[in-house]
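Trainee: Please read through the structure below; I'll follow up with questions.
Just so it is clear, none of the values below were taken in a lab; they were calculated from the coordinates. Small disclaimer: the values here were computed from a predicted structure and weren't measured. So basically every Cβ, Gly included, is an ideal-geometry build from the backbone, and we count neighbours across all protein chains shown.
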Amino acid sequence: MPDIIFENEIVRAENLKKTFTLSRKQQKIDRTSLKRKVAVDGLSFSAYRGEIYGLLGPNGAGKTTTLRMLSTLISPDEGDAFVLGHSIRHEAAKVRDCIGFMTGELKLEGFFTPDYLFDFFGAMHGVAKEALAKRKRELFAKFGIDRFSGVRVADLSTGMAQKTSLVISIVHDPDVLILDEPTNGLDVLTAKVVTDFLSDLKGMGKSILLSTHIFSLVEKLCDRVGIIIDGKMAAEGDLSSLCAGSSLEEKFFEIYRGIKGEAL
Amino acid sequence: MKLSALVKKEFHRFFHDPRLIITILLPGIIIYLLYSLIGSFIGGAETYQYQVYLSGQSLAVQSMQAAIEESGSKIEWLTPETPKEAVEKVKAGEASAYLVFPENFDAAVLGPSDPAHLPVVEFYYSTADDGAGEAFYAIASAVLQAYGARFTISAHNFMGEGDVGRLVMQNLLPMLVVTFIFSACMSVTLESVAGEKERGTLTTILATSVKRPYIALGKILPLSCIAALGATSSFLGVMLSLPKLMGLNLGLLLESYGFSSYLLIFLLIISLVPFIVSFISLVSTFSKSVKEASAYTSVVMIAMIVLSLVSAFVTDLGIWVAFVPILNVVSAMQQLLIGGMPVLLSLLSLGMNLIYTALLVAVVSWMLSDERIMFGK
């Protein structure tokens, strides 16, 4: 096996492939008779330290599957990926220790308070009690959660609950944050809370990998973008060189039509 | 630390939610009130007017009289003209019991004894009608037990038609207990495991580096404790309502079983709780929603009730029953409740339940790692 040199690479995906077996119900929804669907088809890309990397694509393009593979929740059929040099195939626990993972929808139990959940997930990541208490004070104060730390998540506003969710995803001070559709389904105010939060995290030196289908989010936040269509990397690069004067939306549809050959 | 945090979270979730506490304790209270109400409609006296034929003499008779009067009942000692007459009267339900002490019983019991020739106390009674015969037998046995094991009791029970309901109750009690345990396990496990999976909060935990067996144990251990609490509530509800339901004296009922019987019944119940919680956790982990898990678990519960009924009406199933979960506990409990001491069956059942629980925990851990089960659509 050749030596892998990562240097500033925080994530390196190499020829990732993932295929799912479709149930009859899914076959009906997808209007296909095929029993298997290739969700991710030989995807390779790299994300670098300190940047926000966006995976842009339509629904069903393979974004969520890719992020789930990188988070070690599911395994690739082929290929491998390395997060801070740790293989997602062979060092899943190490990968989980150095990433923060969050899906767009709030996935915290509404019964508990931010205070309790922060401590709980701190314990899940093996953070020492003293360090955890210090980190909680800092993060809660920085993001304005301290005043609501004793309120149940179910009783928080959507924005505060989303902030709580984001803060808890970085409880263990991970170097890499993986976010699946972080603003999906949120109202404009809450979406702004999230984008501001991500900008702050970038300012704190965190590396962020996010998936989205919202052009404005990529334009506002991302340093580099990878466009995924049908599980394949259709285009990749920093925004200015990729768009070359046109908007991201125009560029995306130009690429999309080039691949799918469909009139929109 | 991680396991401890997972366990504490489940306890915190339960003990800080009054609704959940009520949900788990309410069945026991309802059972007690309902059964007591049924008992009051059926009727059933706790005090009796005993008429007991007596042949031979013993100091134990005075102790029996004292115990009976202390319980608020009255006793009339009768002398039979012939033993046959006394037996016929008991059979006909015209007398509560017929007690026969051998000659020089007290001397034989209190003096040096020959284990090969222990004196025999003959006891004729009927559990028919008002239950006085059975109640007297329980008191007399308890008094005689104070004399030690230097004699044997030869009991002859003439059962009447009225006993059928009573016997059915005795046979059904283990099934009822198992059903309550299952209900308690269902109420806490479905929501905690299938609910977390459905809401996606389990994914948040899976995205951390905590080991899957810890997640499985972090659910099963606390949920077993909580379910045991619910099962205890239901069990107490049944036990405390039995006197009113069946017209029995609870004190006598409890005295009629030894400490070892209670210990075994307790251990059998305790061994069943983590097994059922693990099983429902497995079903819940497999299911995509609480609704789906409830549907599967309801089918399992019906199968379990049928399995328990088999044991209630079929005796002498053999030692193989120890290898069949649930049926093993029902069978062992049934034997214990009728006064037996199935030590081998009980110990084997405890061991097998422990092994099955460990296997189920391992399967749940594996399922938590399986992406098709956890993230399949």
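Trainee: Considering only DSSP beta bridges with both partners in the protein assembly as shown, what is the antiparallel share in %, to the nearest 5?
Mentor: Rounded to the nearest five, the antiparallel share is 45 percent.
Trainee: Work out the mean other chain Cβ neighbour count within 10 Å for the residues of B:204-215 and drop it here as an integer. Numbers along the way, then the final one.
Mentor: Values: counts 13, 4, 5, 15, 13, 13, 7, 1, 0, 0, 1, 1.
Rounded to a whole number, the mean comes out at 6.
Trainee: Kindly write out, for segment A:68-78 in residue order, the coupling ³J(HN,Hα) from the Karplus curve 6.51 cos²θ - 1.76 cosθ + 1.60 (θ = phi - 60°), rounded to whole Hz, with x marking Gly and Pro.
Mentor: Computed from phi, the couplings for segment A:68-78 are 5, 5, 5, 8, 6, 6, 10, 9, x, 6, 9 Hz.
Trainee: Here's a follow-up. How far apart, in nanometres, would the label points at B:T47 and A:V188 be if each is projected 7 angstrom from Cα along the Cα-to-Cβ direction?
Mentor: Result: 8.3 nm between the two label points.
Trainee: A further question on this structure: Name the residues whose placed amide hydrogens come within less than 5 Å of the amide hydrogen of A:T19, ignoring near sequence neighbours (fewer than 5 apart) on the same chain.
Mentor: Those qualifying (amide H under 5 Å, at least 5 residues apart or on another chain) are A:A39, A:D77.
Trainee: Determine the dipole magnitude for the protein assembly as shown: charges of +1 sit on the beta-carbon of Lys and Arg, -1 on that of Asp and Glu, nothing else is charged, the reference point is the Cα centre, and the result goes in debye to the nearest 20.
Mentor: Working: 56 positive and 63 negative charges, 489 e Å.
In total the dipole reaches around 2340 debye.
Trainee: While we're on this one: Can you give the average number of partner chain beta-carbon atoms within 10 Å of each beta-carbon in peptide A:93-100, as a whole number?
Mentor: What the average comes to for A:93-100 is 2.
Trainee: To continue, here is another question. Give me a comma-separated list of calculated 3J(HN,Hα) values for segment B:319-327, in order, Karplus coefficients 6.51, -1.76, 1.60 applied at θ = phi - 60°, integers in Hz, x for any Gly or Pro.
Mentor: Those phi angles translate into 5, 4, 4, 4, 8, 9, x, 6, 4 Hz.
Trainee: Calculate how steeply helix A:188-203 sits against the longest principal axis of the alpha-carbon atoms of chain A, using the helix alpha-carbon long axis, and give the answer as 0 to 90 degrees to the nearest 10.
Mentor: Tilt of helix A:188-203: around 80 degrees.
Trainee: For chain A, just list the percent of Cα-Cα distances falling in each 10 Å bin from zero outward, please.
Mentor: 7, 28, 34, 23, 8, 1
Trainee: Moving on to the next point. Across the protein assembly as shown, how large is the tail of the calculated P(r) beyond 34 Å, expressed as a percent of all Cα pairs?
Mentor: So the pairs more than 34 Å apart make up 58 percent of the total in the protein assembly as shown.
Trainee: Once R0 is set to 56 Å, what does the formula 1/(1 + (r/R0)^6) return for the Cβ-Cβ distance between A:D238 and B:D17, expressed as a FRET efficiency to the nearest 0.05?
Mentor: Approximately 0.65, to the nearest 0.05.
Trainee: What residue among B:S183, B:Y214, A:M124 has its Cα farthest toward the positive end of the dipole of the protein assembly as shown, where the charges are +1 on Lys, Arg and -1 on Asp, Glu, each on the Cβ?
Mentor: A:M124
Trainee: Let me ask something else about it. Charges at C-beta only: +1 for Lys and Arg, -1 for Asp and Glu. How large is the resulting dipole of segment A:102-197 about its Cα centre, in Debye rounded to 20?
Mentor: On the way: 11 positive and 14 negative charges, 67 e Å.
Using only the charged Cβ atoms, the result is roughly 320 debye.
Trainee: Right, something else. Along the positive direction of the dipole of segment A:68-189 (beta-carbon charges: Lys, Arg +1; Asp, Glu -1; about the Cα centre), which of A:T72, A:G85, A:A154 reaches farthest?
Mentor: Selected residue: A:A154.
Trainee: Lys/Arg Cβ at +1, Asp/Glu Cβ at -1, dipole of the protein assembly as shown taken about the Cα centre: which of B:L240, A:S211, B:L309 is farthest positive-ward?
Mentor: Projecting each Cα onto the dipole axis, the largest value belongs to A:S211.
Trainee: Relative contact order for segment A:187-264: what percent, with Cα pairs under 8 Å and sequence separation of 6 or more? Write down the numbers at each step before the final one.
Mentor: Working: 43 pairs, mean separation 14.1, N = 78.
That works out to 18 percent.
Trainee: Looking at this model, which pairs from B:K211/B:K288; A:K35/A:K192; A:K63/A:K129; A:K260/B:K291; A:K35/B:K9 are more than 29 angstrom apart at the alpha-carbon?
Mentor: A:K35/A:K192; A:K63/A:K129; A:K260/B:K291; A:K35/B:K9
Trainee: For A:K202, go through the aspartates and glutamates and keep the ones whose alpha-carbon is under 12 Å away, minus same-chain ones fewer than eight residues off.
Mentor: Filter leaves A:E51, A:D175, A:D223.
Trainee: What is the magnitude of the charge dipole of segment B:270-377 about its Cα centre, with +1 placed on the Cβ of each Lys and Arg, -1 on the Cβ of each Asp and Glu, and no other charges, expressed in debye to the nearest 20?
Mentor: Result for segment B:270-377 is approximately 260 debye, rounded to the nearest 20.
Trainee: Right, next: Would you kindly derive the ³J(HN,Hα) couplings of segment A:219-233 from the backbone phi angles with the Karplus curve 6.51 cos²θ - 1.76 cosθ + 1.60 (θ = phi - 60°), listing them in order in whole Hz, with x for Gly and Pro?
Mentor: 4, 7, 10, 7, 7, 9, 9, x, 9, 10, 9, 6, x, 10, 7
Trainee: Quick one: grab Rg to one decimal and Dmax as a whole number for segment A:1-70, Cα atoms only, in Å.
Mentor: When restricted to the Cα atoms of segment A:1-70, Rg and Dmax are 15.4, 46 Å.
Trainee: Additional query: Would segment A:179-228 count as rounded, prolate or oblate if I go by the C-alpha gyration tensor, calling it rounded below 1.5 in a/c and otherwise prolate when a/b exceeds b/c, oblate otherwise?
Mentor: oblate
Trainee: When chain A is treated as a GNM, springs tying every alpha-carbon pair under 10 Å, which of A:S33, A:S241, A:S71 comes out with the largest mean-square fluctuation?
Mentor: A:S33
Trainee: Calculate, axis by axis, the spread of Cα positions in segment A:28-127 along the three principal axes, and write the results as whole Å, longest axis first.
Mentor: Ordered largest first, segment A:28-127 gives principal extents of 48, 34, 25 Å.
Trainee: Based only on Cα atoms, what Rg/Rh ratio does segment A:121-264 have, Rh being taken as Kirkwood's radius? Intermediate results must be reported in sequence, preceding the final value.
Mentor: Numbers: Rg = 18.1 Å, Rh = 17.2 Å.
Ratio of gyration radius to Kirkwood radius: 1.05.
Trainee: Using packing as a proxy for protection, rank A:181-192, A:20-31, B:195-206 so that the peptide with the highest average count of other Cβ atoms within 10 Å comes first.
Mentor: B:195-206, A:181-192, A:20-31
Trainee: To continue, here is another question. Tell me the label-point distance for the pair B:A303, A:A128, using the 7 Å Cα-to-Cβ offset, in nm and rounded to one decimal.
Mentor: In this crude label model, B:A303 to A:A128 measures out at 5.1 nm.
Trainee: Sticking with this structure for a sec: Just to confirm my numbers, what's the Cα centroid distance between segment A:192-264 and segment A:61-106 in Å?
Mentor: 20
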